[in-house]
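First the structure, in the form of structure tokens, and then the observations on it.
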Amino acid sequence: MAFNGDAGLGDLMRQAGEMRRQLQKAQEELARTEVSGESGAGLVRVLMTCDYKVRRVRVDPSLLAADEKTTLQDLLKAAFNDALHKVERTARDKLPDIGGAGFSRMLP
């Protein structure tokens with residue numbers, strides 16, 4: 001059986017183009033998807049898109065007292081980290097297994 005290199009290369013190029021379109025579509029969907037991270041039982045909330053853009057930070061007024069500065073800093077850090085973990089989980093769940101390449105398995 002002879003291998004037709006030109007036909008095989010054409011098929012490969014078409015598959016690569018389709019994979020690129022699927023990945024671009026998934027990335028665009030992720031950019032529109034928002035997740036919310038929170039800490040301190042909701043005292044601090046961070047709204048972030050799945051392309052890592054922070055949309056909103058909400059802080060309960062009770063944390064704005066001068067003696068709550070350290071608590072506020074810790075809660076902000078925790079809320080951002082919570083949002084980041086949710087972004088990663090959402091991306092892993094939404095990225096298709098394009099062409100069997102396993103893109104979703106490449107994420108942390």
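The values are calculated or read from the model by the stated rules, or taken from the named source; none is laboratory data. Quick caveat: nothing in here was measured; it's all calculated off a predicted structure. As a convention, Cβ positions derive from the backbone with ideal geometry for all residues, glycine included, and neighbour counts pool all protein chains shown.
Among the residues of segment 66-108 satisfying the criterion of being of a type in the set (D, E), at pLDDT below 90 and assigned to a helix (DSSP H, G or I), which is farthest from E28 (Cα to Cα)? Write out each step before concluding.
First pass over segment 66-108, keeping only residues of a type in the set (D, E): 67-68, 74, 82, 88, 93, 97.
Filter again for at pLDDT below 90, leaving 67-68, 93, 97.
So of that shortlist, the ones also assigned to a helix (DSSP H, G or I) come out as 67-68, 93.
Working: D67: 42, E68: 39, D93: 14 Å.
My answer is D67.
Picking from residues in segment 31-41 that are surrounded by fewer than 18 Cβ atoms within 10 Å (Cβ to Cβ) and of a type outside the set (D, E, K, R), the one that is farthest from T90 (Cα to Cα) is A41.
Among residues of segment 18-41 being touching a Leu at 6+ places or on another chain (Cβ under 8 Å), touching a residue at least 24 places away in the same chain (Cβ under 8 Å) and not in a helix (DSSP H, G or I), the one that is farthest from Q73 (Cα to Cα) is V35. Test E68 against the criterion of being surrounded by 11 or more Cβ atoms within 10 Å (Cβ to Cβ) and either farther than 24 Å from K94 by Cβ or touching a residue at least 24 places away in the same chain (Cβ under 8 Å) (or both), and give yes or no. Answer is yes for this residue. Number of residues in segment 42-64 that are surrounded by fewer than 14 Cβ atoms within 10 Å (Cβ to Cβ) and either part of a helix (DSSP H, G or I) or of a type in the set (S, T, N, Q) (or both): the value is 3.
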